[in-house]
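Structure, as structure tokens:
The values are calculated or read from the model by the stated rules, or taken from the named source; none is laboratory data. Computed from a prediction, not measured in an experiment: that's the story for all the values here. Glycine gets a Cβ as well: all are built from the backbone with ideal geometry, and neighbour counts include every protein chain shown.
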Amino acid sequence: MTKFMKYAKRIAAAATLLAGTHLAFAQAYPTKPINWVVPFAAGGPTDALARHIAERVARELGQPIIIDNAPGAGGTVGAAKVAKATADGYTFLVGHMGYMGAAPALYRKLGYDPVKDFDAVFRFPDTPLVLMVRNAHPAKDMAGLIDFARKNPDRLFIGNAGMGSSSHLIAALVANAAGIRVTMVPYKGAGPALVDVIGGQVDGMFDQTNTAMPHITSGKVRALAVTSKVRLPQFKNVPTLNETVLPGFEASTWYGIYAPRGTPKAALDKVQNAYLRAMKDTGFTGKMAEQAIQMLPPEQYTGAALARHTENEVARWRAVAAKSNLALD
Ligand code: MLT
């Protein structure tokens, strides 16, 4: 046998071995619990939605999904952690509009690239936000709140989940569009911020509907407006910003699951397909719809669609940030 034939035989054997390893991985995955990093404090909207979806996807995969809360800097701390994690199929990021869309436009030195450093796995449904104020605040509606802020520049204290979070970005866009100056009060998540709105330490905040709803219906805070284009059936008496002070305004928080770039495709596909099966379960999606979470057309839930969406959002926020002077450093 010639030297070349011996070499070719060894290569073929190695390729077969590699293919075999990939196949074995694909068949066995997942063989242990999986970590989902949530870059905000426990108890907030991202944490609550991630836990609801993780529980259902875990049932499909046959392995538990552990939520690892890694809050800080509007979510960029958790995102950087996953960007550097081992790409073995066992660490994922619960990504969202702020740190996976807007952050490149807000920070010169971000420490990760939402498009290059991650593999997109699947997209969650979107969550609109509600502007809530403490019960004792004098403003009875949006016009009253804008008037108060105009007469008291920097004296309206608005809580948020950290600079660059969606509760911060939406508040900044609304303040910009309304031509008012407010004081932003950052927290490690919307959960701790809401505690201080209920307690009256801060005047108000934008929070996603899934965690805002129980506190509004129980009367602990007052809702002044929602960010959806049309009213939400769950908040019939709450006007939209679009129909009140900001015609045309519409916003919601988008979310998606991402893995460190280079994660085995077999793992990405299995996790995506487990989610797509779960999204056919009306009991599971019904719970989210009750919280005014907005279902998307099914083709938008895939990893490929999320990858395109992330690229488009990074570009869109560059334009928005430039126009609204949102940069943070
Ligand atoms: C945000 O961006 O405001 C987050 O969704 C807050 C959170 O989940 O705590």
Selection status of Ser218, modelled with pLDDT of 95 or more, out of contact with any Pro (no Cβ under 7 Å at 6 or more places or on another chain), among the polar types (S, T, N, Q) and within 12 Å of the ligand (Cβ to nearest atom): no
The range 110-145: number of residues that are within 15 Å of Pro239 (Cα to Cα) and touching a residue at least 24 places away in the same chain (Cβ under 8 Å): 11
Identity of the residue in the range 57-71, within 14 Å of the chain's Cα centre (by Cα) and not in a strand (DSSP E or B), that ends up farthest from the ligand (Cβ to nearest atom): Ala70
So Ala14, is it within 16 Å of the ligand (Cβ to nearest atom) and over 21 Å from Thr86 (Cβ atoms): no
Identity of the residue in the range 146-167, more than 10 Å from the ligand (Cβ to nearest atom) and in a loop (DSSP other than H, G, I, E, B), that ends up farthest from Thr76 (Cα to Cα): Asn152
Extreme residue, nearest to the chain's Cα centre (by Cα), among residues of the range 84-125 that are modelled with pLDDT under 95 and either surrounded by fewer than 18 Cβ atoms within 10 Å (Cβ to Cβ) or part of a strand (DSSP E or B) (or both): Gly111
Boolean, Pro247 is at pLDDT 95 or above and out of contact with any strand residue (DSSP E or B) (no Cβ under 6 Å at 6 or more places or on another chain): no
Subset of the range 168-192 [within 16 Å of the ligand (Cβ to nearest atom), of a type outside the set (Val, Ile, Thr) and in a helix (DSSP H, G or I)]: His168, Leu169, Ala171, Ala172, Leu173, Ala175, Ala190, Gly191, Pro192
Residues that are of a type outside the set (A, V, I, L, M) and in contact with a strand residue (DSSP E or B) (Cβ under 6 Å, 6 or more places away or on another chain), drawn from the range 142-159: Asp154, Phe157, Gly159
Residue in the range 304-314 that is more than 21 Å from Pro45 (Cα to Cα), touching a residue at least 24 places away in the same chain (Cβ under 8 Å) and touching a Ser or Thr at 6+ places or on another chain (Cβ under 8 Å) present: no
Some residue of the range 272-279 being within 16 Å of the ligand (Cβ to nearest atom), of a type in the set (A, V, I, L, M, F, W, C) and modelled with pLDDT of 95 or more: no
Cβ pairs under 8 Å, 6+ apart, first in the range 186-208 and among the charged types (D, E, K, R), second at pLDDT below 95 and more than 12 Å from the ligand (Cβ to nearest atom): none
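Out of the range 26-56, which residues are more than 16 Å from the ligand (Cβ to nearest atom) and either among the polar types (S, T, N, Q) or surrounded by 23 or more Cβ atoms within 10 Å (Cβ to Cβ) (or both)?
Of everything in the range 26-56, those that are more than 16 Å from the ligand (Cβ to nearest atom) and either among the polar types (S, T, N, Q) or surrounded by 23 or more Cβ atoms within 10 Å (Cβ to Cβ) (or both) turn out to be Gln27, Thr31, Asn35.
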First in the range 243-256 and under 25 Å from Ala305 (Cα atoms), second anywhere and outside any loop (DSSP other than H, G, I, E, B) and charged (D, E, K, R), Cβ under 8 Å, 6 or more apart: Ser252/Asp126; Thr253/Asp126; Trp254/Arg123; Trp254/Asp126; Trp254/Glu313; Tyr255/Arg123; Tyr255/Asp126; Gly256/Arg123
